[in-house]
1. Between E50 and T108, what length comes free when the chain is fully extended (0.36 nm per residue of separation minus the Cα-Cα distance, one decimal in nm)?
2. Please give the length that would be gained between Q79 and T116 if that part of the chain were fully extended, namely 0.36 nm times their separation in residues minus their C-alpha to C-alpha distance (nm, one decimal).
3. Taking 0.36 nm per residue of sequence separation and subtracting the Cα-Cα distance, how much length would be gained by fully extending the chain between A129 and K71, in nm to one decimal?
4. Quick query: amide H of K125 versus all other amide H atoms, modeled in the peptide plane; which residues come in under 5 Å with a sequence gap of 5 or more or a different chain?
5. What trypsin sites (Lys or Arg not before Pro) does the stretch 99-173 have in DSSP loop regions with at most 10 other beta carbons within 10 Å?
6. Calculate one ³J(HN,Hα) per residue across the stretch 100-105 by plugging θ = phi - 60° into the Karplus curve 6.51 cos²θ - 1.76 cosθ + 1.60, and present them in order as whole Hz with x for glycine and proline.
7. What list of ³J(HN,Hα) couplings, whole Hz, do you get for the stretch 139-150 from phi and the Karplus terms 6.51, -1.76, 1.60, once you set θ to phi - 60° and write x for glycine and proline?
8. Using the Karplus curve 6.51 cos²θ - 1.76 cosθ + 1.60 with θ = phi - 60°, what ³J(HN,Hα) values do you get for each residue of the stretch 84-96, in whole Hz, with x for Gly and Pro?
Amino acid sequence: MNDPDESVSRPFQKTFRDRILPRHTKNMVHGLLLGALVLIGGCTDDRREERLRAVGANPTLDDFMRVADAKVGASKFGQCAACHSYIEGATDRGGPNLFGVYGKPMGTNSVRFGYTADLRGKGGKWDAATLDRWISNPKKMVPGTSMQFNGISDRLDRADIIAYLRQLGQTPN
């Protein structure tokens, strides 16, 4: 004799397993891989002191971008990945998916994410200068943003993250 609850729970389990779980599992696996990169990145030499010497006295953003390292930025992006996915086609989280964001108009990277009117109305594109101001202090740049992040004060860290975002979505040559 069949268990009456089995007929109710089996379709739900199949739906969860076959429709929802694979998408979330993919995001979770990528998050775990990024976490491993962060741990590994913390153990490697990112040539920080050498790169800081190379920018010289009174460096500009261009100087920092010249020495920026996208691989180092990938490990520093770990703090961003708590709220932002970065894999093509991945769902938005607390913030929009950032895959391919570099060069796009502000507030348009994800058609599904509910950007604030203040961010959408800011104008401009996500280039190095705009991302540098944003990552430095989102609420100062766009006072009405819903982003709950205080920013990153270290200019080299920001440049590394920008270099990483710039290479996301770029086709290899």
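1. 17.2 nm
2. Once the chain is fully extended between Q79 and T116, it gains 11.1 nm.
3. 18.9 nm
4. M106
5. Answer in residue order: R112.
6. x, 5, 4, x, 7, x
7. Computed from phi, the couplings for the stretch 139-150 are 6, 6, 6, 10, x, x, 5, 8, 5, 9, 8, 7 Hz.
8. Here the 3J(HN,Hα) series is 10, 7, 9, 9, 3, x, 5, 6, 6, 10, x, x, x Hz.
The values are calculated or read from the model by the stated rules, or taken from the named source; none is laboratory data. Keep in mind it's a predicted model, so treat the numbers as computed, not measured. Glycine gets a Cβ as well: all are built from the backbone with ideal geometry, and neighbour counts include every protein chain shown. Quick note on the areas: whole protein, heavy atoms, side chains included, nothing else; ligands and nucleic acids left out. Shrake-Rupley method; radii C 1.70, N 1.55, O 1.52, S 1.80 Å.
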